[in-house]
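Novice: Pasting a structure here, questions to come.
Every number here is computed from the coordinates shown, using simple stated rules; none is lab data. Just so it is clear, the structure is predicted and the values come from calculations on it, not from any experiment. Here Cβ is always computed from backbone atoms with ideal geometry, including for glycine, and neighbour counts include all displayed protein chains.
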Amino acid sequence: MLSQVGVPPPPDDFADFWTGLHQRARQVDPAPVARPSGHPESSRPGGSTYDVEFTSLGGIRLGGWLRLPADGRVERGLVVGHGYGGRATPDAAVPVERAAALYFGSRGLPTRGLVPGIPDTARRHVLHGIADRGTYVHGGCAADVWAAVSALCRLVPEAAARVDYLGTSFGGGIGALALPWDDRITSACLVVPSFGNHPLRLTMPCTGSGEAVREHARAHPEVHEVLRYFDAATAAMFLRIPTHVGLALADPAVPPPGQFAVYNALAGPRARFLLSAGHTPYAGMVREAEALSTAQRDFLAPLGPAPPA
């Protein structure tokens, strides 16, 4: 059963690897800048939108959008990731009130994370630097989450009172990898998180980025050792903040056992929302998406150090 999917054990130096990466990333000055956005979303009611740029690990300059409440009253922050298709626009609505929300682009991915030398398509991006744990792109993508938090808190100091994270698919898996090591993040919502239980994923054909990794690993079995350091389920064993997870019972792109492995491994307070499917249209999809959004808002709503367990 999905609720019994296990977790790959971490390498002995798993925590050392990630805390070291986090320390190096936090030493980077994000040097954020924001300017009023000309994006169509900026004209929607309910808040103001700014174009944002900031620096992440390796001196990579990334972009995104910052949305502020219409009345300018900020009591918290929200960092929002994206799927493996990237992000072309900020969301029209911020899922919590009185929040400054930063919608950022991860390195290499469209539209505001595009970087020369890093592939911009999922099947190529997921293999970038995979031969070594020190060069694998997912380490840099986790660092981008930390840099986004730094940029948000620098641009809107009031947001530092409480910062939450929201990520779907690619953004869910990268969030699981990044969040355990950064004590500035209070709680998280992950949806159909990817990269969970690589040993199991590599046995399961799919339509997503995991298929590219599966094919590559057949020809290059040595990458199994690298992937041990980038397993979202393994990282979830170290994630102790309250975490809400949207889980799909069927998913052609991110096999459900990997998603459930992330949820099952969480070390802190957790809540789940079951979706009929992920990464594919289905009857009732809009209704379930609305219900999931409501559940996320309820989970993130309380102000203070953390939502109730």
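Novice: Magnitude of the Cβ-charge dipole of the stretch 2-300, K/R +1 and D/E -1, about the Cα centre, nearest 20 debye?
Specialist: Taking the Cα centre of the stretch 2-300 as origin, the dipole is about 260 debye.
Novice: Karplus couplings for the stretch 75-88 from phi (6.51 cos²θ - 1.76 cosθ + 1.60, θ = phi - 60°), rounded to Hz, Gly and Pro as x?
Specialist: Rounded to whole hertz, the list is 10, 6, x, 9, 9, 10, x, 8, x, 6, x, x, 9, 9.
Novice: Sorted by packing (mean other beta-carbon atoms within 10 Å per residue), highest first, where do 84-93, 150-159 land? Walk me through the numbers before you get to the answer.
Specialist: Details: 84-93: 16.7, 150-159: 20.9.
Sorting 84-93, 150-159 by mean packing, highest first, produces 150-159, 84-93.
Novice: Provide the FRET efficiency to the nearest 0.05 for the ALA92-ASP71 pair, computing r from the beta carbons and using R0 = 22 Å.
Specialist: Once the sixth-power term is evaluated, E becomes 0.80.
Novice: What is the angle, in °, between the Cα long axis of helix 209-219 and the longest principal axis of the Cα atoms in the chain? Nearest 10 is fine, range 0 to 90.
Specialist: The angle comes out near 30 degrees.
Novice: What do you get for the angle between helix 285-300 and the principal long axis of the chain? Use alpha-carbon atoms, 0 to 90 degrees, nearest ten.
Specialist: For helix 285-300, the angle is close to 70 degrees.
Novice: Give the relative contact order (percent, whole number) for the stretch 2-300; include only Cα pairs under 8 Å separated by 6+ residues. Intermediate results must be reported in sequence, preceding the final value.
Specialist: On the way: 694 pairs, mean separation 52.8, N = 299.
After rounding, I find 18 percent.
Novice: Any idea what the dipole of the stretch 174-302 comes to, in debye rounded to 20, about its Cα centre with Lys/Arg Cβ at +1 and Asp/Glu Cβ at -1?
Specialist: That gives a dipole near 200 debye.
Novice: Right, something else. Run through the stretch 204-242 and list the trypsin sites (Lys or Arg not before Pro) located in a DSSP loop whose Cβ has at most 14 other Cβ atoms within 10 Å.
Specialist: Numbers: sites: ARG214, ARG218, ARG228, ARG240; in loops: ARG240.
Filter output for the stretch 204-242: ARG240.
Novice: Find the percent of Cα-Cα distances in the chain that exceed 28 Å, and round it to a whole number. If you can, show how the numbers build up before the last one.
Specialist: On the way: 15551 of 47586 pairs.
Counting every Cα pair in the chain, those more than 28 Å apart make up 33 percent.
Novice: Does the stretch 1-141 come out rounded, prolate or oblate, given a ≥ b ≥ c as the square roots of the eigenvalues of its C-alpha gyration tensor, rounded meaning a/c under 1.5 and, failing that, prolate meaning a/b above b/c?
Specialist: Working: a/c = 1.83, a/b = 1.60, b/c = 1.14.
Taking the square roots of the gyration eigenvalues as a ≥ b ≥ c, the stretch 1-141 is prolate.
Novice: Further question on the same structure: How long is the gain from ARG35 to ALA160 if the chain were fully straight, where each residue apart is worth 0.36 nm and the alpha carbon distance is subtracted?
Specialist: Full extension from ARG35 to ALA160 adds 43.0 nm.
Novice: Ranked from highest to lowest mean number of other Cβ atoms within 10 Å per residue, what is the order of the peptides 289-295, 274-280?
Specialist: 274-280, 289-295
Novice: For n ≥ 4 DSSP H runs only, could you compute -39500 (n - 2.57) per run for the chain, divide by its residues and tell me the 222 nm figure to the nearest 500?
Specialist: -9000 deg cm²/dmol
Novice: For the stretch 2-300, build the charge dipole from Cβ charges (+1 Lys, Arg; -1 Asp, Glu) around the Cα centre, then report which of THR168, CYS141, GLN259 sits farthest towards its positive end.
Specialist: Ranked along the dipole, the leading option is THR168.
Novice: Just check the stretch 198-298 against the gyration tensor rule for me: Cα atoms, a ≥ b ≥ c as the square roots of the eigenvalues, rounded for a/c under 1.5, and otherwise prolate or oblate depending on whether a/b exceeds b/c.
Specialist: Note, shape of the stretch 198-298 comes out oblate.
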